[in-house]
Amino acid sequence: MKLLKTGDQNLVKQINKTIVFNTIKDKGPVSRAQISKDTGLNKATVSTMVSELLKESFVNEIGSGQSSGGRKPVMLYFNQHAGYSIGIDLGVNYILGILTNFNGDIIEKNMKTLNTLEIDEIINQIFLSIESLMKKAPESPYGIIGIGIGVPGQVDQHERILFAPNLNWKNIDLKKIVEDRFSIPTSIENEANAGATGEQLYGAGKDITNQVYVSIGIGIGTGIIINNRLYRGSSGISGEMGHFTIDTNGIKCSCGNRGCWELYASESALFKIAEKQDLASKNVEIDLDFLLTEAQKGNPKVLQLLNTLGENIGFGIINIINTFNPEVIIIGNRMAQFENWIMNPIKRVLEERLSFYHKSNTAIRFSILGNYSTALGANSFAITNFLSNMKITETGLV
Ligand SMILES: [Zn+2]
């Protein structure tokens with residue numbers, strides 16, 4: 001969000017347009033008179049802003065609403081189909097693409113497993129995913145308004161990928177690569193930041209002011225939302241909490257530190273512990289699906305494994321709660337599907353080790369959007385950027 005100079009008429013207009021837009025979006029169908037009454041803006045201002053929104057196709061008029069007498073008012077509603085956007089979740093071994101309307105409703109999706117870390121091949125697959133979704137977008141006034149991509153790595157304030165350790169990428173300007181190809185505004189965001197935003201807008205973190213989203217996949221990343229805003233840090237790479245130490249003399253980590261949380265509590269940690277045990281006959285590949293099936297069957301070794309992993313997740317969450325005092329911690333990404341088996345060990349660790357006040361004031365939740373948190377969050381940045389260029393700030397400036 002760009003704040004304009006105080007006193008600037010553009011700023012006043014932006015605020016008024018945002019207020020009218022959000023009122024129609026949240027309360028529509030609604031009449032001009034009702035908007036004026038609800039917002040305190042005078043009728044002339046409401047009328048001017050509505051005319052602009054109608055002209056821009058963000059708002060439509062429908063028939064008439066209830067009236068206590070006299071002429072029935074024309075009702076206004078948000079046109080969520082004014083344009084469409086594309087969200088991409090680039091995982092270490094998959095690409096998930098979605099096409100949504102302005103409400104974040106998924107219209108189309110595609111999913112591709114990646115068997116390569118070769119950058120050109122992965123970029124080609126991203127292009128194919130985007131092209132396929134573009135073809136399926138219904139006719140609309142604005143067409144495809146933006147592309148948002150969530151990536152498993154550090155992204156700086158210019159949206160460049162600094163380092164994606166699990167893809168072995170360094171200094172990749174994916175934003176430029178995609179914009180050069182499609183001429184569509186593209187935003188790049190770290191997958192945990194995107195996931196946090198997705199859950200805050202549409203999922204388990206809806207209407208929660210302070211929350212931390214913990215993405216547990218191959219590694220652990222976190223997305224921090226403070227006062228309803230994503231906290232990116234001074235250069236965009238906050239949230240590397242997978243690398244805080246939970247064992248001072250622990251295993252050496254690729255980041256240079258020792259005993260990092262993600263070495264004990266991620267999907268990779270799970271496989272590392274599993275390798276040491278005889279969980280399956282030699283021909284069976286131990287992957288997440290295998291562990292999930294075995295857990296469902298009640299395999300005691302797998303349950304023990306998940307119990308240990310849950311406790312290790314809990315140790316890290318204690319640090320997060322003590323640091324941020326969030327209302328909610330949301331656990332997302334692929335380990336979230338093990339909720340049934342890791343929730344109790346997490347809760348037990350928190351019960352034993354958290355101070356009284358934190359214990360009673362912090363909720364632990366699991367992602368509601370499941371595999372779509374990151375794609376939906378990345379997609380929402382594309383929508384927000386577009387609306388912001390149209391002088392609308394979705395979350396409101398006031
Ligand atoms: Zn580390």
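Is one or more of the residues making up the stretch 37-44 outside the structural domain of PRO152 (by TED's automatic domain parsing), surrounded by fewer than 20 Cβ atoms within 10 Å (Cβ to Cβ), under 30 Å from PRO138 (Cβ atoms) and among the acidic types (Asp, Glu)? Taking every residue of the stretch 37-44 in turn, none turns out to be outside the structural domain of PRO152 (by TED's automatic domain parsing), surrounded by fewer than 20 Cβ atoms within 10 Å (Cβ to Cβ), under 30 Å from PRO138 (Cβ atoms) and among the acidic types (Asp, Glu).
With a requirement of 1 or more residues that are over 25 Å from ILE123 (Cβ atoms), within 16 Å of the ligand (Cβ to nearest atom) and out of contact with any helix residue (DSSP H, G or I) (no Cβ under 7 Å at 6 or more places or on another chain), the helices (runs of 4 or more DSSP H) lying completely within the stretch 181-298 that satisfy it span 267-275. No other residue among GLY298, GLY219 is without any contact (Cβ under 8 Å) to a residue 12 or more places away in the chain and of a type in the set (Gly, Ala, Ser) apart from GLY298. The condition of being modelled with pLDDT of 95 or more and touching a His at 6+ places or on another chain (Cβ under 8 Å) holds for only one of SER140, SER187, SER129, that being SER140.
Within the option set ILE364, ILE368, being outside any helix (DSSP H, G or I), farther than 20 Å from SER187 by Cβ and in contact with a Lys or Arg (Cβ under 8 Å, 6 or more places away or on another chain) holds for one residue only, ILE364. Contact annotation: residue pairs with Cβ atoms under 9 Å, 6 or more positions apart or on different chains, pairing a residue in the stretch 148-177 that is over 23 Å from CYS253 (Cα atoms) and touching a residue at least 24 places away in the same chain (Cβ under 8 Å) with a partner that is assigned to a strand (DSSP E or B) and charged (D, E, K, R), are GLY148/GLU189; ILE149/ASP89; ILE149/GLU189; GLY150/ASP89; GLY150/GLU189; GLU159/GLU189.
So that you can scan it fast, the table gives a plain yes or no per residue for (1) loosely packed, with under 15 Cβ neighbours inside 10 Å; (2) β-branched (Val, Ile, Thr); (3) modelled with pLDDT of 95 or more:
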| site | (1), (2), (3) |
| --- | --- |
| GLY217 | no, no, no |
| TYR231 | no, no, yes |
| ILE286 | no, yes, no |
| LEU291 | no, no, no |
| LEU306 | no, no, yes |
| LEU309 | no, no, yes |
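In the stretch 231-259, the residues that are on the phi > 0 side of the Ramachandran plot reach residues that are assigned to a loop (DSSP other than H, G, I, E, B) and within 11 Å of the ligand (Cβ to nearest atom) with C-beta atoms within less than 8 angstrom, at least six apart or across chains, in these pairs: GLY259/ILE246; GLY259/GLY250; GLY259/ILE251; GLY259/CYS253. The residue list LEU305, LEU309, LEU369, LEU350 contains one member that is touching a residue at least 12 places away in the same chain (Cβ under 8 Å), farther than 24 Å from ILE273 by Cα and aliphatic (A, V, I, L, M), which is LEU369.
The values are calculated or read from the model by the stated rules, or taken from the named source; none is laboratory data. In this text the structure is predicted, and so the values were computed from the model without any measurement. Neighbour counts run over all protein chains shown; Cβ positions are idealised from the backbone, glycine included.
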